[in-house]
Ligand code: SF4
């Protein structure tokens with residue numbers, strides 16, 4: 001049997017030269033924190049950097065000279081230089097002295113610096129390290145304005161056997177709650193209708209900073225998933241309605257129960273993405289999964305009692321080392337009972353550096369394939385039945401794309417129900433929509449038909 005592992009793309013490395021006052025230093029730290037969250041590593045010398053950031057000072061002439069000299073040194077040593085900071089306001093002077101700088105941005109322009117780094121040293125991507133699904137080559141690369149990812153922390157304190165995130169991204173590092181909420185508020189003010197909360201472990205948000213409280217709009221708010229969810233539920237879009245807020249990568253710790261009533265009240269989108277990965281207690285133990293507790297099925301039942309429309313999405317790994325036919329059947333039986341709305345399945349793949357690679361009893365490839373086909377068959381059947389039960393109902397649908405009129409003048413649109421996160425779940429295809437419909441609009445749609453993944457319908461008559 002092959003023992004080949006999947007290599008993770010090398011992390012891009014950033015060099016940083018920080019000049020000037022303490023404020024500039026804080027800026028440098030912010031930029032580096034943000035870049036770290038985007039998957040970059042830091043180089044200790046010029047030679048190891050894919051790009052060098054020079055955070056300049058332009059207060060005095062001597063400081064300007066020092067900044068220009070530092071830029072010159074970075075160009076001589078590395079060649080790929082992005083300039084930011086106070087002297088960035090004098091882009092012409094910088095370019096006159098050093099025409100080969102890649103980009104110049106001014107002080108406190110974090111977004112622009114990060115964008116310049118992304119352009120000149122695109123972050124390494126891979127299905128094992130990215131939280132955000134990677135678009136295919138034909139997709140638009142940028143998140144459309146009507147939905148935005150809200151990253152609340154980086155890194156992870158667990159050590160799941162198949163995962164190398166903690167080695168790559170370090171321990172859990174949560175953002176301040178007020179910074180998270182400020183970003184969410186700005187995104188919604190700029191037109192975002194749907195916020196997708198992401199992290200490696202959303203339920204653990206704030207553990208590393210002892211759930212530190214901050215004042216937000218006159219209230220004390222803790223860096224805790226439930227406080228954050230409650231506050232996100234207070235946001236309003238321009239038309240006065242709450243934006244859709246989805247929680248991804250939630251582990252079923254007890255406090256997750258507290259966000260279900262917010263879903264029932266319409267303040268949070270009734271959707272939870274819980275990466276269960278398996279159901280067999282033995283395999284979960286081998287996987288070293290967090291929140292691996294026996295009562296999950298009962299909790300799912302009570303969540304559905306409180307919020308009948310809650311959609312649960314999850315992912316599962318089949319063929320993990322040591323998974324027997326009995327373990328796999330346990331998983332299938334569990335799925336029959338759990339009746340999850342959306343399921344992604346993966347065949348176990350050894351990732352370079354993961355501890356699972358050293359486990360005994362690897363599952364042969366052909367057995368993995370066979371189990372994969374069986375789990376897909378079960379989950380597609382459950383999904384088809386769940387979607388069929390929606391036929392005849394009227395559901396809110398957020399529009400992602402509006403098509404061109406066909407030869408009969410009919411315009412179609414693609415959207416998603418509250419049970420569908422972008423990129424990973426299904427779609428709702430609407431026929432005969434008005435030409436005034438635009439991406440980001442939320443309409444009420446009557447569902448006419450369904451298949452195993454998607455729904456089909458029309459805008460409901462008022
Ligand atoms: S919880 Fe496990 S799978 Fe998720 S990032 Fe942490 S170590 Fe990896």
Distance between modelled label sites at residue 297 and residue 458, nm, 7 Å Cα→Cβ extension: 4.3
Length released on extending from residue 374 to residue 339, taking residue separation times 0.36 nm less the Cα-Cα span: 11.0 nm
Debye intensity ratio in log₁₀ form over the Cα atoms of the stretch 368-419, taken at each q of 0.18, 0.29, 0.30 Å⁻¹: -0.80, -1.04, -1.06
The stretch 135-289: C-alpha gyration tensor shape, a/c 1.5 cut-off, then a/b vs b/c: prolate
In degrees, nearest ten, helix 365-388 long axis to first principal axis of the chain (Cα): 70
Calculated FRET value between residue 207 and residue 77, using beta carbons and R₀ = 41 Å, to 0.05: 0.55
Spread of Cα-to-Cα distances over 5 Å intervals beginning at zero, given as percent, for the stretch 47-125: 3, 17, 29, 26, 16, 6, 2, 1, 0
Ranking of 50, 451 by count of other Cβ atoms within 10 Å, fewest first: 451, 50
Sequence of 75, 306 once ranked by neighbouring C-beta atoms within 10 Å, starting from the fewest: 306, 75
Cα centroid of the stretch 337-366 to Cα centroid of the stretch 39-118, whole Å: 44
Diffusion constant of the stretch 147-388 at 20 °C, which comes from Stokes-Einstein with the Kirkwood Cα-pair radius and 1.002 mPa s, µm²/s: 112
Pairwise label distance in nanometres, residue 176 with residue 414, each label 7 Å out on the Cα-Cβ vector: 4.0
Of all DSSP beta bridges in the stretch 147-388, antiparallel share, percent nearest 5: 25
Computed lengthening from residue 111 to residue 92, 0.36 nm per intervening residue step minus Cα-Cα distance: 4.8 nm
Cα long-axis angle, helix 61-77 against the chain (0 to 90 degrees, to the nearest 10): 60
Sorted peptide list for 190-197, 156-163, criterion being average Cβ within 10 angstrom, highest first: 190-197, 156-163
The chain: translational diffusion in µm²/s, Stokes-Einstein, Kirkwood Rh over Cα pairs, 37 °C, 0.692 mPa s: 134
Cα shape, the stretch 394-459, gyration tensor, a/c 1.5 rule: prolate
The chain: angle of helix 22-37 to the longest principal axis, Cα-based, in degrees nearest 10: 30
Highest average packing first - 387-399, 313-325, 434-446, Cβ atoms within 10 Å: 313-325, 387-399, 434-446
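For the stretch 147-388, what relative contact order do you get, as a whole percent, if you take Cα pairs closer than 8 Å and at least 6 residues apart?
Normalised by residue count, the contact order of the stretch 147-388 is 17 percent.
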Point-to-point label distance, residue 282-residue 255, nm (Cα→Cβ direction, 7 Å offset): 3.5
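Of all beta bridges DSSP finds with both residues in the chain, what is the antiparallel percent, to the nearest 5?
Bridges in the chain that DSSP calls antiparallel: roughly 40 percent.
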Net lengthening on full extension, residue 11/residue 357 (0.36 nm per residue, minus Cα-Cα): 122.4 nm
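Read-outs throughout are calculated quantities, based only on the coordinates presented, and are distinct from any laboratory measurement. Treat the numbers as computed from the prediction; the structure is a model and nothing was measured. Cβ: placed from backbone, ideal geometry, glycine included. Neighbour counts: every protein chain shown.
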